[in-house]
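A short worksheet on the structure shown next.
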Amino acid sequence: MPEERVERFNLFERLGHWSHGITFVFLLLTGLALVFRGYAGLLGPGGLRLFRSIHHAMAYPFTFLTVIILILGTPRTAWQWLRECLTWGRDDFRFIAAFPREFFGLKVQLPEQGKFNAGEKLNSLLTIAGSILMAATGWILLLRDSFSPAVVAWALPLHSAGALLMGGVLLGHVYLALGHPGSRESINGMLSGKVSARFAREHHGRWYRQLKAGEKVVKEQQKIA
Amino acid sequence: MAKYGMLIDLTRCIGCHGCTVACQARWDLLPQVQFTKVHRYEVGTFPRVKGGVVTTQCMHCDEPPCARVCPTGATQKRADDIVVVDEQKCIGCRYCQQACPYDARSFNPQGNIVQKCYFCYDFVEKGQQPACVETCMAAARIFGDLDDKGSELSRAIASRKAVQIKGTSIYYVPPRNLDASFLPADFREPGAVRIWQDIVHPGGKTVMGLAAGAVIAGLVINNIKGGGKNA
Ligand code: HEM
């Protein structure tokens with residue numbers, strides 16, 4: 001019997017995630033060429049000029065595309081996601097405190113989580129804040145002639161700091177999505193939109209129960225009809 | 001090796017812009033790109049007004065922040081102390097323009113490069129003078145070797161009581177009407193450059209390195225414990 005699967009992300013949530021993720025990776029890989037001198041030397045001036053053009057072109061979809069997809073495609077779930085990210089309870093802090101052991105594959109008991117666990121909420125908040133910072137400082141750099149020299153001068157260290165910190169967060173994010181045996185089932189939620197029921201139960205217990213309760217209500221309503 | 005520098009005697013400068021134009025002609029610059037500029041100042045209130053002229057250009061700093069921030073190594077300080085830009089290597093990111101404390105760099109939108117005064121290094125190598133020095137009718141500019149105590153430059157600096165802009169290769173004889181506060185300030189690395197290069201870059205690289213290390217450690221531990229199979 002094929003494993004039961006439950007829907008986690010609709011098409012627009014997934015498109016929004018990947019339009020952000022892909023443009024972010026392009027921006028990071030092209031931007032870091034200006035930070036690591038060895039990498040810059042490898043590319044040479046011609047390569048760097050090309051990377052700059054890619055960086056500048058990616059700025060448009062990075063800034064606008066994800067927001068447009070979420071607002072037009074799936075405003076209700078995007079709003080729910082934001083609300084959940086901003087709601088923190090005791091279990092969330094306990095989860096964060098216990099999570100490093102889980103990250104390294106050590107034995108640990110994690111408190112039950114909703115649709116988004118506390119780590120995902122933290123990652124979401126960092127991503128939102130970081131993206132606003134990157135877009136704001138990036139556009140200042142692109143439109144530098146319209147800003148005062150002091151603003152442009154400080155935009156650069158902020159842009160670099162945001163890029164390098166978010167680059168570090170991205171490495172952890174990719175590891176959890178693809179490499180970590182406990183959590184890598186979650187990548188299917190962002191690809192096909194569905195995860196195994198077992199994964200949902202074990203990693204997002206509160207969400208799974210709400211999902212089942214919702215299904216039951218629907219079924220009972222169908223019976224009555 | 002020579003250590004090149006320049007003296008600008010502002011008691012002689014009449015603000016004719018000859019230096020600006022001769023330099024533009026020699027380097028074939030766009031009209032909006034000026035390696036050396038002439039600024040006029042007025043002090044006091046009418047009828048007691050005094051005026052003065054100050055010229056500015058690349059100061060060929062001892063520790064040029066423009067060279068520090070250049071991601072391609074296009075801007076470099078040579079052994080003879082001249083700060084140059086290899087225009088073939090420049091990608092037009094304009095980091096140097098922000099980093100310069102003297103606003104001495106210009107963006108050339110046609111070539112998508114940043115340019116500045118090169119002390120006419122290739123002419124100097126052939127024993128010639130920089131264009132601005134050659135053209136100055138009032139002989140307000142003297143170029144030469146600061147290390148050679150017998151050079152015309154070194155002798156003029158001593159005899160005319162010139163002020164060195166500290167940390168740079170430029171000396172001024174201040175105009176009679178204006179005090180030294182109208183001259184470019186002594187060199188100080190801009191705070192944004194220091195934080196960016198000394199804290200953000202090394203700190204950020206450390207954060208990325210630690211994250212990569214943590215991921216590798218996690219992969220190794222998970223593989224040893226579970227053979228990498230899903231938990
Ligand atoms: C998360 C997304 C982004 C990342 C990871 C990123 C990364 C970087 C990095 C690492 C640098 C080099 C900084 C340094 O040399 O210290 C850089 C430079 C720059 N970035 Fe970004 N960036 C992002 C988004 C943007 C956006 C949205 C814009 C424009 C709207 C932008 C415009 C620029 C500009 C203008 C520069 C200066 C260098 C140049 O002109 O090529 N960036 N970026």
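How many of the residues making up segment A:19-46 are in a helix (DSSP H, G or I) and surrounded by fewer than 16 Cβ atoms within 10 Å (Cβ to Cβ)?
9
Considering B:Arg155, B:Arg160, B:Arg176, which residue is farther than 30 Å from A:Phe104 by Cβ, in contact with a strand residue (DSSP E or B) (Cβ under 6 Å, 6 or more places away or on another chain) and in the same structural domain as B:Thr56 (by TED's automatic domain parsing)?
Only one candidate qualifies: B:Arg160.
Do we have any residue at all in segment A:72-81 that's within 12 Å of chain B (Cβ to nearest Cβ) and not in a helix (DSSP H, G or I)? If you could, list the steps in order and put the result at the bottom.
Keep residues of segment A:72-81 that are within 12 Å of chain B (Cβ to nearest Cβ), which gives none.
No, segment A:72-81 contains no residue that is within 12 Å of chain B (Cβ to nearest Cβ) and not in a helix (DSSP H, G or I).
Per-residue answers, yes or no, for (1) touching a residue at least 24 places away in the same chain (Cβ under 8 Å); (2) surrounded by 15 or more Cβ atoms within 10 Å (Cβ to Cβ); (3) in contact with a strand residue (DSSP E or B) (Cβ under 6 Å, 6 or more places away or on another chain):
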{"residue": "B:Ile8", "(1), (2), (3)": "yes, yes, yes"}
{"residue": "B:Ile14", "(1), (2), (3)": "yes, no, no"}
{"residue": "B:Thr72", "(1), (2), (3)": "no, yes, no"}
{"residue": "B:Gly92", "(1), (2), (3)": "no, yes, yes"}
{"residue": "B:Ala99", "(1), (2), (3)": "yes, yes, no"}
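I'm trying to understand the selection: among the residues of segment A:20-40, which are near the ligand (Cβ under 8 Å from one of its atoms) and over 25 Å from B:Gly203 (Cα atoms)?
None; the set is empty.
What tally of residues in segment A:55-67 results from selecting those that are near the ligand (Cβ under 7 Å from one of its atoms) and either out of contact with any Ser or Thr (no Cβ under 8 Å at 6 or more places or on another chain) or more than 14 Å from chain B (Cβ to nearest Cβ) (or both)?
Residues meeting the conditions: 4.
Among the residues of segment B:168-187, are any part of a helix (DSSP H, G or I) and more than 22 Å from the chain's Cα centre (by Cα)?
No, every residue in segment B:168-187 fails to be part of a helix (DSSP H, G or I) and more than 22 Å from the chain's Cα centre (by Cα).
Being facing chain B (nearest Cβ under 10 Å) and of a type in the set (A, V, I, L, M, F, W, C) is the filter here; which residues of segment A:29-54 pass it?
Correct list: A:Leu32, A:Ala33, A:Leu34, A:Val35, A:Phe36, A:Ala40, A:Leu43, A:Leu48, A:Leu50, A:Phe51.
Do you know which of the residues in segment A:129-149 that are small (Gly, Ala, Ser) and free of Cβ contacts under 8 Å to residues at least 60 places away in the same chain is nearest to the ligand (Cβ to nearest atom)? Steps first, answer last, please.
Within segment A:129-149, the first condition is being small (Gly, Ala, Ser), and the residues that meet it are A:129-131, A:135-136, A:138, A:146, A:148.
So of that shortlist, the ones also free of Cβ contacts under 8 Å to residues at least 60 places away in the same chain come out as A:129-130, A:136, A:146, A:148.
On the way: A:Ala129: 12, A:Gly130: 7, A:Ala136: 9, A:Ser146: 13, A:Ser148: 16 Å.
Looking at residues that are small (Gly, Ala, Ser) and free of Cβ contacts under 8 Å to residues at least 60 places away in the same chain, I get A:Gly130.
How many of the residues making up segment B:180-214 are at pLDDT 95 or above and more than 24 Å from A:Ala153 (Cα to Cα)?
Within segment B:180-214, residues that are at pLDDT 95 or above and more than 24 Å from A:Ala153 (Cα to Cα) number 6.
If only one of A:Gly189, A:Gly193, A:Gly182 is buried (at least 16 other Cβ atoms within 10 Å of the Cβ) and within 14 Å of chain B (Cβ to nearest Cβ), which one is it?
Numbers: A:Gly189 fails: within 14 Å of chain B (Cβ to nearest Cβ); A:Gly193 fails: within 14 Å of chain B (Cβ to nearest Cβ).
Sole residue among the options that is buried (at least 16 other Cβ atoms within 10 Å of the Cβ) and within 14 Å of chain B (Cβ to nearest Cβ): A:Gly182.
For segment A:211-224, enumerate the residues that are free of Cβ contacts under 8 Å to residues at least 12 places away in the same chain and either within 11 Å of A:Gly114 (Cα to Cα) or of a type outside the set (D, E, K, R) (or both). Give the derivation first.
The initial filter retains those residues of segment A:211-224 that are free of Cβ contacts under 8 Å to residues at least 12 places away in the same chain, namely A:212-224.
The answer is A:Ala213, A:Gly214, A:Val217, A:Val218, A:Gln221, A:Gln222, A:Ile224.
What strands (runs of 3 or more DSSP E) lie completely within segment B:43-144 and have 3 or more residues being within 25 Å of B:Ile8 (Cα to Cα) and away from the ligand (no atom under 16 Å from the Cβ)?
B:50-56, B:83-85
One line per residue, one yes/no per condition, for (1) crowded, with 17+ Cβ neighbours inside 10 Å; (2) at the interface with another protein chain (Cβ under 9 Å from one of its Cβ atoms):
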position: B:Ser181; (1), (2): no, no
position: B:Glu189; (1), (2): yes, no
position: B:His201; (1), (2): yes, yes
position: B:Lys205; (1), (2): no, yes
position: B:Ala212; (1), (2): no, yes
position: B:Val215; (1), (2): yes, yes
position: B:Leu219; (1), (2): yes, yes
position: B:Asn223; (1), (2): no, yes
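Give the residue, chosen from A:Leu126, A:Leu70, A:Leu43, A:Leu122, that is modelled with pLDDT of 95 or more and within 16 Å of the ligand (Cβ to nearest atom).
On inspection, the qualifying residue turns out to be A:Leu126.
From the list A:Val174, A:Val169, A:Val152, pick out the single residue that is within 16 Å of the ligand (Cβ to nearest atom) and in contact (Cβ under 8 Å) with a residue 24 or more places away in the chain.
From the options A:Val174, A:Val169, A:Val152, the qualifying one is A:Val169.
The values are calculated or read from the model by the stated rules, or taken from the named source; none is laboratory data. The structure displayed is predicted, hence computed values, not measured ones. A quick note on method: Cβ atoms are made from the backbone with ideal geometry, for glycine too, and the neighbour counts reach across all protein chains shown.
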